[in-house]
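Right, one structure below, let's go through it.
Every number here is computed from the coordinates shown, using simple stated rules; none is lab data. Everything numeric here is computed off the predicted structure, so don't read it as measured data. Glycine also receives a Cβ, built like all others from the backbone with ideal geometry; neighbour counts cover every protein chain displayed.
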Amino acid sequence: MSHCAPCSPTRSSTNHIYFASTRSLCPTCKRAIDAKVVFRHGSVFLAKHCPDHGPSEVLLASSVDWYLDALSFVAPSTAPDGPLKPTRDGCPFDCGPCRLHQQQMAMPVVPITSACNLNCPVCYTVNRNIDPFFISKESFAQLLDRLGTTRRDLDIINFTGGEPTLHPELPELLRMARQAGFRRITLSTNGLNLRDEAYVRELAALDTRVVLSLDSFDDATDTALLGATTLKTKLQVLDLLEKHNVTTTILPAIAKGLNDRELPALLELVLQRKNICSLEAHPIAFTGQGGAGFDRATRITIPDLHRTFHEATHGRITEKDFVPSPLAHPLCYSIAYLLVLDGAPPTLDQGYVPFTRFLPRERVFELLSDSLYLQPRDKVEQALGDAIDEIWANPDLVPEAQRVLSTLKRLIQTLFPSSGPIALEQRQAIAERSTKAIYIHSHMDEETFDMSRILKCSIAVPEADGSSIPTCSYNILYRGRDPRFRRTG
Ligand SMILES: [Zn+2]
C-alpha cells in the first residue's frame, strides 16, 4: 500500500515486537485506517497512521501475558440472524450488521430515551436533553416483535438511555418485555430516581434487575467523573434495593488515578449485600459527549484491574481466575465467578472461592457459552458434580475444600432437586444468591477501535426494522448521527 512507509510511529523504536494487523479509525477524522498491534516493555499498543492526521498510538493492555492468554480462548462463530446490510463502505461503516459479522446478538441494548438528569464528564454516549426522544410503546412493541422472530432464545434485554427512569412509561415497557418472553430484564440507571420507594417496589414486582452506576465513595471523585455529588442518594437507593431484594449489579466506570483504588471497596460492597450479584467494571472509554474530552492520563486497561483485585484480596482472586466471554471477542470481557461459601457473609479476605479453583478455566469459559451471564442449566449441574468428584480426589488443591464441598452439594440439591426440575428463573434466583460475579467490560473508543473486536460483538442496539448495530460502533460512529440522540447547536 502506498502509505506503508510512514505508517510506523514505532519505527524508530528498536525494542517493539510486531504482533498483528487490524483496521482501526483515525481518532481525528474517524476514517478507517490500517493499524498494527505491537508489544513494547511488556505492554500492548495499537499504532496507526492517517494520511491527513499523521501517526498515533494508544495503550491497549498493560500486560502482553494477559493479552495472549485472552486470545487463547477461542469460541465458535455464530452467524447473525435477521437482515444483513450489504457491504458497501466496509467495516465498520455498514453495521446493521453486515455480512462480515461473526456473532449473533446475545444482549439487545435499547436506549429508550435521550433525556438524562446528569451531564457526566465520562459519558461515552451522545444524548439530547432539549426536546428529548422517548420511545413510543408502539415502536417498542415492533422492536420486541422483531427480536422475538430473530432471536433463538429471549434471555436478556437491557434498558438504557439517557436515563431510562425518566421515561414516563418505563414500567409498562418493562412489562411488555416480560410478556414478550425475556427472562432477565436489566435497567441501567444512575439511581437518582430510585429514591422513590414506591418506584423501587414497582421495579421489584416486575423482577427488574437494576444496574446501578456507582463510581466512587468520595465526593470529589464523584464530581470529577459525574459532574455532581450523587453518593448520598445512591447509598439511600442501595438500602431500598436491599430492602426490596432487587437483584442489583454495581457498575463503575474506572479511571486510573481517580477511582481505580476504590475497586476493592466496590467489590466489598458486592460481597456484603445478598441482593447484589455482580460488579461490572468499565475501564473508561474516551468517546461520546463527555469521554472524548476526558484526560487521557486516566486510561486504564483490563490487566490493571486484575492486579488491583489480586492485591486487595491477597491472591484470593488473581488474573487467572478470569476468563473471556465466548459470546464476544476475547479482549472485550474478563469474567470471574465466585462461589459464596455457606456461613458468614463474605469479605475481601474470606468466604468465597473463584470457580476456577475447582473447575478448569476452559470449563468455566464453556459454561458461559449459552448466555452472557452464567445460567444454572443442566451442564452447570454436570460441571458442579465433576467439581465435587475432583475435590474428593484432590482436596489439597482447592482452598477451603470442605466448605466448598458442602456448599456445592447444598447448591446442587437446591438447584436440581431430586423431586423434579424447577423453573430456570427460580434456579437463576437461587444461583445469584450463592455466587458473585466480576465482569470487566472494556468498551472501545476511536483510539482503541479494533475491527476484529467489532466483528465478534454480541451487544447491539436493535431497531424496529430488525437491524442491530454493535454498541461500540454505535457509540463511536452512528449515535452522533442518529436524529433521536443527535445534539444540535
Ligand atoms: Zn484522519
Note on the chain: the mean projected area of its alpha-carbon convex hull, in nm², is 23.4
Straight-line reach check, residue 243, cutoff 12 Å on alpha carbons, 8 or more apart in-chain or any other chain, hits among aspartates and glutamates -> 197
Given Cβ charges of +1 for Lys and Arg and -1 for Asp and Glu, the option among 328, 41, 473 whose Cα lies farthest towards the positive end of the dipole of the chain is 473
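Give me the dipole magnitude in Debye, nearest 20, for the chain about the Cα centre, with unit charges on the beta carbon: positive for Lys and Arg, negative for Asp and Glu. Kindly include the intermediate steps, with their values, before the conclusion.
Working: 52 positive and 56 negative charges, 146 e Å.
Value, rounded to 20: 700 debye.
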Zone reached by a paramagnetic label modelled 7 Å from residue 423 Cα along Cα→Cβ, restricted to the range 203-220 with backbone N below 16 Å, covers 204-209
Cross-link reach from residue 436 to aspartates and glutamates, straight Cα distance under 14 Å and at least 8 residues apart if same chain, gives 268, 280, 321, 342
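For 29, 98, which order do you get if you count the other beta carbons within 10 Å of each Cβ and list the fewest first?
Values: 29 12, 98 19.
If I rank by nearby Cβ atoms, fewest first, I get 29, 98.
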Row for the range 9-128, column shape: gyration tensor on C-alpha, a ≥ b ≥ c, rounded if a/c < 1.5 i.e. under 1.5, prolate if a/b over b/c, else oblate; value prolate
The summed charge of the residue 30 Cβ neighbourhood (under 14 Å; Lys/Arg +1, Asp/Glu -1) stands at 0
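Just from its helices, what would the mean residue ellipticity at 222 nm be for the chain, if runs of 4 or more DSSP H residues each count -39500 (n - 2.57) and the sum is divided by every residue, rounded to the nearest 500 deg cm²/dmol? Show your work: numbers first, answer last.
Numbers: 14 runs with 139 residues, N = 489.
Value at 222 nm, helices only: -8500 deg cm²/dmol.
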Which residues qualify? For residue 276, with a placed amide H closer than 5 Å and at least 5 residues away or on another chain, they are 248
Cross-link reach from residue 30 to lysines, straight Cα distance under 22 Å and at least 8 residues apart if same chain, gives 48, 85, 456
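With contacts defined as alpha carbon pairs under 8 Å and 6 or more residues apart, what's the relative contact order of the chain in percent? Please report the intermediate quantities before stating the final value.
Values: 967 pairs, mean separation 94.4, N = 489.
For the chain, the relative contact order is 19 percent.
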